[in-house]
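The structure appears right after this line, and notes come after that.
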């Protein structure tokens, strides 16, 4: 396995968000583990929104954890909290891993740079183009297939099941959650459920029959890819989350990914969700603007993409990662984490834990 990219020579502290594990895990824990594999020896800092994010309490994973205000609190509240944290501990790089927070980091890039904090993220324009509400209008004219999509902001406009939108249909929130609805009654139930959590509009998308693939990518911001690993799910939960997968090599899939990133000019980490139909045609389902929770599979296959994004944030010259080793697989393993309740108490009351 290649030693590139190594972080052993860098005396830096890296903050990562999204440390919830469980049946719908966030990417923060595997991102930190990949950084440690790359020789990272600085402080690993958890930026969390809830004291119940279980990765906080994993032994030898993070050196400190700090509660942040939710993104809905606004830029001033976020920057004020960052300034408070910087009085306690230096942060050199932040890797945000949650969809709902990334726009805030993009818009505050210069403010963070003034504070000595660097990121490796796309432009605001790119971020907005990959929004689920815009995929079907932006990409098809560029030769990239996207299933027909309908945006619904009023329950009376939910498809009845006839015409162009016959059931089953996928019902999705703008940021999170996706359900397969088999009829209009189920669609109405999912509509209400998603609106309560994520607001409007709700996305109705035609189903594509075929095989599902997920591709984790680091883009260079100019249309090229510095790393790309495609996986096929082997174990799927009842929520549709992959708990096991294997690295695959497929020329058509790789070409589709290259054309998608070239069209978007994406910088930093992202995940493509792609369906390949029985004719071998690829269809873009979603673009997630961050590392997926299965990103350690990329590291295990020879592409340490989280470490590469740190080098990108630091402004180092970047080169493409070696080709991923096909046949590499992962199976997610759940385990109990044992910690003293005082840690959670400190985080809840003082909004911080300093372990080391």
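Which residues, taken from the stretch 81-111, are over 13 Å from residue 47 (Cβ atoms), touching a residue at least 60 places away in the same chain (Cβ under 8 Å) and touching a helix residue (DSSP H, G or I) at 6+ places or on another chain (Cβ under 6 Å)?
Result: 100, single match.
State the number of residues belonging to the stretch 215-240 that are crowded, with 17+ Cβ neighbours inside 10 Å and under 22 Å from residue 334 (Cα atoms).
Qualifying residue count for the region: 3.
Residues that are under 20 Å from the mean Cα position of the chain (by Cα) and closer than 17 Å to residue 30 by Cβ: find the strands (runs of 3 or more DSSP E) completely inside the stretch 260-336 holding 2 or more of those.
Qualifying strands (runs of 3 or more DSSP E): 267-276, 329-331.
Could you tell me which of the residues 175, 190 is surrounded by fewer than 19 Cβ atoms within 10 Å (Cβ to Cβ) and either in a helix (DSSP H, G or I) or under 22 Å from the mean Cα position of the chain (by Cα) (or both)? Steps first, answer last, please.
Values: 190 fails: surrounded by fewer than 19 Cβ atoms within 10 Å (Cβ to Cβ).
Residue meeting the stated conditions: 175.
Within the stretch 337-356, count every residue that is in contact (Cβ under 8 Å) with a residue 12 or more places away in the chain and in a helix (DSSP H, G or I).
4
All but one of (1) over 19 Å from the mean Cα position of the chain (by Cα); (2) more than 22 Å from residue 263 (Cβ to Cβ) hold for residue 208; which doesn't?
Condition not satisfied by residue 208: (2).
Residues of the stretch 18-27 being out of contact with any helix residue (DSSP H, G or I) (no Cβ under 6 Å at 6 or more places or on another chain) and surrounded by 24 or more Cβ atoms within 10 Å (Cβ to Cβ), which ones?
26, 27
Touching a residue at least 40 places away in the same chain (Cβ under 8 Å), in a strand (DSSP E or B) and within 23 Å of the chain's Cα centre (by Cα): does that describe residue 245?
Details: touching a residue at least 40 places away in the same chain (Cβ under 8 Å): yes; in a strand (DSSP E or B): yes; within 23 Å of the chain's Cα centre (by Cα): yes.
Spelling it out, residue 245 is indeed touching a residue at least 40 places away in the same chain (Cβ under 8 Å), in a strand (DSSP E or B) and within 23 Å of the chain's Cα centre (by Cα).
Out of the stretch 201-214, which residues are crowded, with 18+ Cβ neighbours inside 10 Å, assigned to a strand (DSSP E or B) and touching a residue at least 60 places away in the same chain (Cβ under 8 Å)?
Once the filter is applied, which keeps residues that are crowded, with 18+ Cβ neighbours inside 10 Å, assigned to a strand (DSSP E or B) and touching a residue at least 60 places away in the same chain (Cβ under 8 Å), the stretch 201-214 yields 203, 205, 213, 214.
Just to be sure before I move on: is residue 165 more than 30 Å from residue 266 (Cα to Cα) and surrounded by 15 or more Cβ atoms within 10 Å (Cβ to Cβ) in the structure I sent?
yes
Bear in mind that the values in this text are calculations on the coordinates, not laboratory data. Source: prediction; values computed, not measured. Ideal geometry is used to build each Cβ from the backbone, glycine not excepted, and the neighbour counts take in all protein chains shown.
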